[in-house]
Each structure stands twice: as structure tokens, then as C-alpha cells.
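Here the structure comes first, spelled out in C-alpha cells, and everything after it is commentary.
Rule-based calculations on the coordinates, nothing more; no lab input. If you're wondering where the values come from, they're calculated on a predicted model, not measured in any experiment. Here Cβ is always computed from backbone atoms with ideal geometry, including for glycine, and neighbour counts include all displayed protein chains.
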Amino acid sequence: MNARKRSPKLLVLHDDDALVAVVKPGGLPCVPDDSRDPSLLDVAKKQFRAELHVVHRLDRPVSGIVLFARNPASAAALSKGLRERHVTKVYWGVGEGHPRRHEGELVQHLRKDGERNLVKSVSPDAPGSKRAQTSWRVLLAFGERSLLELLPTTGRSHQLRVAASKLGCPLVGDVKYGASRQLKDLTIGLHARALKLPHPSGGPGLDLTAPLPDVPLWNLGRRHLADNGEGQPAG
């Protein structure tokens with residue numbers, strides 16, 4: 001992303017005194033990095049004119065729901081909820097090819113190479129390995145691609161990207177994990193679609209859904225919604 005480009009206006013899914021939920025465009029880093037490109041945090045701070053606290057992140061090429069806390073107490077409560085698995089995350093992925101089965105649960109043990117920013121599946125007793133668990137199902141198979149629903153029980157780095165590759169359908173554009181080619185905008189076929197969580201202030205829980213990106217990559221997702229009589233959530 002060219003740092004001189006105008007910062008995008010973020011789609012806001014929720015905004016109150018405790019937190020904000022926005023939709024991150026694919027290709028935008030969540031926090032400032034060595035690229036010196038604008039980050040989601042920078043854009044959100046400017047748009048909300050407030051100091052915001054990071055509680056979780058998405059990889060740069062991934063789109064979808066990201067939460068920011070408005071104060072330290074909310075940040076601590078949200079972080080605890082994520083850590084103790086009180087938050088349900090639903091991702092959609094567009095993969096190359098088709099899994100052998102229609103649904104299942106995948107358990108892997110992952111180890112990250114920090115220097116290469118690459119995660120590998122290793123044996124459970126390998127030094128530095130961390131258990132990763134993902135439930136998955138095929139929502140729609142069409143042509144040479146599959147639309148996957150991915151529900152991570154754990155929150156390991158690159159967990160869903162490695163899982164899709166293991167299922168035999170690496171995410172479109174994700175050449176790091178086996179895709180045939182990179183997309184021009186450097187995004188990949190992974191979208192943080194839905195998030196369900198208790199409110200950090202103890203109020204009614206939140207049930208959030210992020211519209212699919214308006215790019216051809218996600219036509220398979222729109223076809224699935226149409227086939228099931230659903231439309232894009234209102235922005």
C-alpha cells in the first residue's frame with residue numbers, strides 16, 4: 001500500500017463508551033509496522049478522534065472485524081474474554097480446490113519462524129509447538145474453488161491459513177501457504193466474518209457480522225448468500 005494514498009473511511013459495526021468494532025480492509029496492517037504504511041489503528045484513531053487500545057489483530061492481507069477498546073478497563077476485559085475463549089469467531093475463506101470431506105475438525109501443532117514470518121505444522125512434542133484447533137465446513141463448492149467456514153477454537157498465528165492448506169485448498173492468493181498465484185492487491189481469501197462476545201461492561205452481548213469485501217474474490221460468498229435467501233448485512 002502506498003503511504004501517500006488517502007486513508008480509507010472505515011465501516012463501523014459498533015460504537016459505544018467501551019469499544020468500537022470496525023471492518024478492516026484487506027491489505028491494511030492492523031498496527032504500524034516497518035512498511036510505514038498507514039495502519040488500521042492510525043486510521044481508526046483519526047476517524048474516532050480518540051485514543052484506542054489494541055485487543056486483537058488480523059494479518060495484513062486478511063479483511064474483517066477488528067475490535068478496539070476505548071479505555072484500559074475495557075481492553076483488559078476484552079483480552080480476558082479472548083484468552084478464556086468466551087468469544088466466538090467465524091471466518092470465511094475462499095480456497096483453491098476442494099477438501100476431501102464436507103466438514104470436520106482439524107487439530108494441528110504449529111511452530112512459528114519469526115524471522116521468516118512463516119508457520120509450520122510440526123509434531124506435538126516439537127520444541128515451541130502450540131496446539132491449534134479449527135472446526136470447518138464447506139459452504140459452497142463451485143468450479144475450482146471452495147467457500148469455507150472456519151471456526152478457530154484457539155488463536156494461533158496463521159492458524160487458519162495453515163489449516164486451509166492442510167485441507168488441500170490453500171486460500172486464494174496465499175502463496176506463502178500453497179496458493180498458485182498472488183492477487184494483484186496482495187490480499188488473500190480470508191475474511192473475519194462474524195464475532196460474538198460478552199460486552200466488557202456487562203451489558204447485552206454483541207453479535208457482529210462484517211459484509212464481504214466488494215471485490216470479485218468474494219463472488220462465491222455472495223452466491224452462497226443469494227442461494228440461502230440472505231443479503232449482505234447493512235453497513
- line: Taking every alpha carbon pair in the range 177-235 and sorting the distances into 10 angstrom bins from 0 up to the bin holding the longest one, the percent per bin comes out as 17, 39, 27, 15, 2
message: Order 160-166, 58-64 from most to least packed using the mean count of other Cβ atoms within 10 Å.
response: 160-166, 58-64
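Using alpha carbons only, what's the Rg to Rh ratio of the range 80-137 with Rh from Kirkwood?
Ratio of gyration radius to Kirkwood radius for the range 80-137: 1.01.
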task: Just rank K24, K45, fewest to most, by other beta-carbon atoms within 10 angstrom.
output: K45, K24
Eligible lysines near K184 by straight Cα distance, threshold 21 Å, same-chain separation 8 or greater: K5, K24, K176
- line: Taking a ≥ b ≥ c as the square roots of the Cα gyration tensor eigenvalues, with a/c under 1.5 meaning rounded and otherwise prolate when a/b beats b/c or oblate if not, the range 125-235 comes out oblate
Cα Rg, Dmax (largest Cα-Cα span) when computed across the chain, Å: 17.5, 49
task: Using Cα positions and a limit of under 20 Å, work out the lysines in reach of K80, with same-chain residues fewer than 8 apart set aside.
output: K89, K130, K196
task: Output the antiparallel fraction of DSSP beta bridges having both residues in the chain, as a percent to the nearest 5.
output: 95
- request: Would you mind telling me which residue in Q108, Q133, Q47 has the biggest mean-square fluctuation in a Gaussian network model of the chain, where springs connect alpha carbons within a distance under 10 angstrom?
  value: Q47
query: With charges only on Cβ, +1 for K and R and -1 for D and E, what is the dipole size of the chain about its Cα centre, in debye, rounded to 20?
result: 440
